[in-house]
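Everything on this sheet refers to the single structure shown next.
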Amino acid sequence: MRYDSIIIGGGLAGLTSAIRCAEAGLKTAVISFGESSLTFASGAIDILGYHSDGSVVQSPFPAVAKLAESNPNHPYSKVGVDTLKQGLHRFCHHLDVAGVPMASQSEDNHWRTTALGSLRPAWLYQPGMMPLPIKQPAKGIQRIAIVNIAGFRDFQPSLAVAGLKQHPAFQQARITSKTITARELGLETRNPFELRSIELARALNHADNFQRLTNALGGAAGSSDLLIIPAVLEDSLGRSRIPELSQKIGCQIMEVASLPPSLPGLRIANALKRQFNKLGGMLIEGDLVEKGNFDNGRLVSIETHYNKDLPLYANHFVLASGSFFSKGLLSKQNRIIEPTFDLDVEAPSDRSLWASGKFLDSKAHHFIEYGVSCNQQLQPTRQGLPIENMYCVGSVLAGFNPVAEGSAGGVSIATGFHAAEQIIAAYQACAGN
Ligand SMILES: Cc1cc2nc3c(=O)[nH]c(=O)nc-3n(C[C@H](O)[C@H](O)[C@H](O)COP(=O)(O)OP(=O)(O)OC[C@H]3O[C@@H](n4cnc5c(N)ncnc54)[C@H](O)[C@@H]3O)c2cc1C
């Protein structure tokens, strides 16, 4: 089988590349083995949350421009702010069309609240997430009720209360935790072990159950200014039902992503897959790309676990296999490797440099910055030789620290979009000749 472009990995970076290629009319396939890290993500998109000295970024785009200038190896430096903005614009367009609109507070970051009650800077948010302003996060909020459903173990309100109380802005606020029972929601006949975010969302989407939830949360809200609940509500198309609930109860409601599966992260993953399919793309899930066949500085074809005898050919390839989390990178005794194609990786061989002595180091561990080494066009090398028809995108790339910087989503979208634009330009150049 021959394609114009094949993308290896179907996370945020891979799907961004794939959608852009398919949109431009290229015959495109995505091959992805497991769930991507969107299953774990908050569902907000970070562009740049922290400066290198650890201080919080208020306006991400000027800060990205500065970072790109001072750090030429950073993926943002290779891609540039304009491409980042274009990629984000297309990302928002596709999510909008797929029914999962994303919004921002103009050009500024906001605080998103985590399930542990800590605040992290982010740029894009989904309806129902309720962004808190960076300068005065607690403005107008004196009483907060954090509510869970008994039996739902992937969210612990007492931890969220303790976490939020630690933030200086919320020290004067009255923060309480409450639990509503499955019986109040008409769910008492269900096995309590079934109460995961996806099953709850399905059950609570029934009209009777949604009404019971509205009544129960209305009671729990009391005179609160803000109700915080885990993200367990959406309609059958994956659209958040928080705005509707908020209007019915007459209180501001904020949903926070629970432990995985994270419903807001899955909403993005499913919406991007829907868009890719709609544009005629071929999505092959559950198969692992195991090797590539190279010839004269080009990747000619790839072989997968289930189709070893049927190599897949393409003119261009994008590697979007993620970081250690998704096995896009692996650590050996004294080496970090890219396991599928054995691409050159930027990482010291001295293992003692990989991690800091403190497990919860606020600066994040160095291994997070390691990855495939690429040129300005995001093209990798293999044994020092460039591969001219291959691009690397997202967290498989070297040169950035998504945890310390709060930059994972932005880098994935910007690099995924940039790789696709270069593939499209190569086709346009051929067509013009
Ligand atoms: C716990 C967690 C929380 C996060 N929260 C946020 C957040 O709040 N905001 C934000 O902006 N970002 C967040 N992110 C990061 C965000 O999801 C990133 O954009 C992401 O980590 C990078 O995406 P990716 O597409 O490069 O890789 P991944 O999402 O890791 O996807 C890689 C995919 O490639 C597949 N794969 C790997 N090797 C192969 C192979 N050989 N053949 C076929 N398939 C393969 C994997 O199975 C996986 O599906 C979070 C990430 C994690 C891990």
- request: Just subtract the alpha-carbon distance of GLN172 and VAL300 from 0.36 nm times their residue separation and send over the number in nm, one decimal.
  value: 39.8 nm
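So, with a 1.4 angstrom probe, what is the percent of accessible area on the stretch 365-433 that is carbon and sulfur? Intermediate results must be reported in sequence, preceding the final value.
Numbers: 1410 of 2490 Å².
For the stretch 365-433, the apolar C and S fraction of the accessible surface comes to 57 percent.
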- line: About its Cα centre, the stretch 38-152 carries a charge dipole, from +1 on Lys and Arg Cβ atoms and -1 on Asp and Glu Cβ atoms, whose size in debye to the nearest 20 is 240
message: Computing the accessible area with a 1.4 Å probe over protein heavy atoms, can you report the carbon and sulfur percentage for the stretch 29-184?
response: 51
task: About the Cα centre of the stretch 146-270, how large is the charge dipole given +1 on each Lys and Arg Cβ and -1 on each Asp and Glu Cβ? Please answer in debye to the nearest 20.
output: 160
statement: Under the Karplus relation with 6.51, -1.76 and 1.60 and θ = phi - 60°, whole-Hz ³J(HN,Hα) for the stretch 73-79, x at Gly and Pro, equal 8, 6, x, 4, 6, 6, 9
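Can you work out D for the stretch 41-130 in µm² s⁻¹ from Stokes-Einstein, where Rh is the Kirkwood radius over C-alpha pairs, the temperature is 10 °C and the viscosity is 1.306 mPa s?
On the way: Rh = 13.9 Å.
Here the translational diffusion coefficient equals 114 µm²/s.
If you count only protein heavy atoms with a 1.4 Å probe, what accessible area per residue comes out for the chain, rounded to a whole Å²?
On the way: 19260 Å² over 433 residues.
Per-residue value: 44 Å².
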- request: Taking all pairs of distinct Cα atoms, average 1/r, flip it, and tell me the Kirkwood hydrodynamic radius of the chain in Å to one decimal place.
  value: 22.7
statement: Quick calc of log₁₀ I(q)/I(0), the stretch 241-377, Debye, one scatterer on every Cα, no solvent, q values 0.11, 0.12 1/Å, result -0.67, -0.76
statement: Highest GNM mean-square fluctuation among ILE249, ILE146, ILE302, for the chain with Cα springs under 10 Å, belongs to ILE249
- prompt: How large is the charge dipole for the stretch 99-172, taken about the Cα centre, if only the Cβ atoms of Lys, Arg (+1) and Asp, Glu (-1) carry charge, to the nearest 20 debye?
  reply: 220
field: Selected from ASN109, ASN209, ASN334 as most flexible by GNM, with the chain as the system and alpha-carbon contacts under 10 Å
entry: ASN334
task: Enumerate the residues in the stretch 383-409 having an amide nitrogen under 14 Å from the point lying 7 Å beyond the Cα of LEU353 toward its Cβ.
output: 399
Spin-label pair SER223/LYS85, simplified geometry with 7 Å Cα→Cβ offset, distance in nm: 4.7
message: Please compute the volume of the convex hull spanned by the alpha-carbon atoms of the stretch 230-283 and report it per residue in Å³.
response: 80
field: Qualifying lysines (Cα of each under 24 Å from Cα of LYS27; at least 8 residues distant if same chain)
entry: LYS273, LYS278, LYS291, LYS308
- request: Give me the distance in nm between label points sitting 7 Å out from Cα along the Cα-to-Cβ direction at LYS139 and ASN71, one decimal.
  value: 3.0
- request: Under a 10 Å cutoff between Cα atoms, tell me which one of ASN296, ASN389, ASN315 has the largest fluctuation in the Gaussian network model of the chain.
  value: ASN296
- prompt: Taking a label point 7 Å from the Cα of ARG202 along the Cα→Cβ vector, which residues of the stretch 215-235 have an amide N closer than 17 Å to it?
  reply: 232-235
task: Could you tell me the convex hull volume per residue, in Å³, taken over the Cα atoms of the stretch 168-242?
output: 113
- prompt: With point charges of +1 on the Cβ of Lys and Arg and -1 on the Cβ of Asp and Glu, referenced to the Cα centre of the stretch 100-243, which listed residue (ALA182, ALA103, GLY163) lies farthest in the positive direction of the dipole?
  reply: GLY163
message: Restricting to Cα pairs below 8 Å that are 6+ residues apart, what does the relative contact order work out to for the stretch 166-283? Please round to a whole percent.
response: 22
message: To check you understand DSSP bridge types, tell me what percent of the beta bridges within the chain (both residues inside) are antiparallel, rounded to 5.
response: 45
message: At a threshold of 8 angstrom on Cα-Cα distance, excluding pairs fewer than six apart, so keeping six or more, what relative contact order does the chain reach in percent?
response: 25
message: Please list 3J(HN,Hα) in residue order for the stretch 122-134, calculated via the Karplus relation 6.51 cos²θ - 1.76 cosθ + 1.60 where θ = phi - 60°; whole Hz, with x for glycine and proline.
response: 8, 10, 9, 9, 9, x, x, 7, 6, x, 9, x, 4
query: Amide H neighbours of VAL318 under 5 Å, counting only residues 5+ apart in sequence or on other chains, H built in-plane at 1.01 Å?
result: ILE6, ILE7, ILE8, TYR391
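The values are calculated or read from the model by the stated rules, or taken from the named source; none is laboratory data. Because the structure is a prediction, the values reported are computed rather than measured. A quick note on method: Cβ atoms are made from the backbone with ideal geometry, for glycine too, and the neighbour counts reach across all protein chains shown. Note: accessible area is taken over every heavy atom of the protein model, side chains too, but ligands, DNA and RNA are not part of it. Shrake-Rupley method; radii C 1.70, N 1.55, O 1.52, S 1.80 Å.
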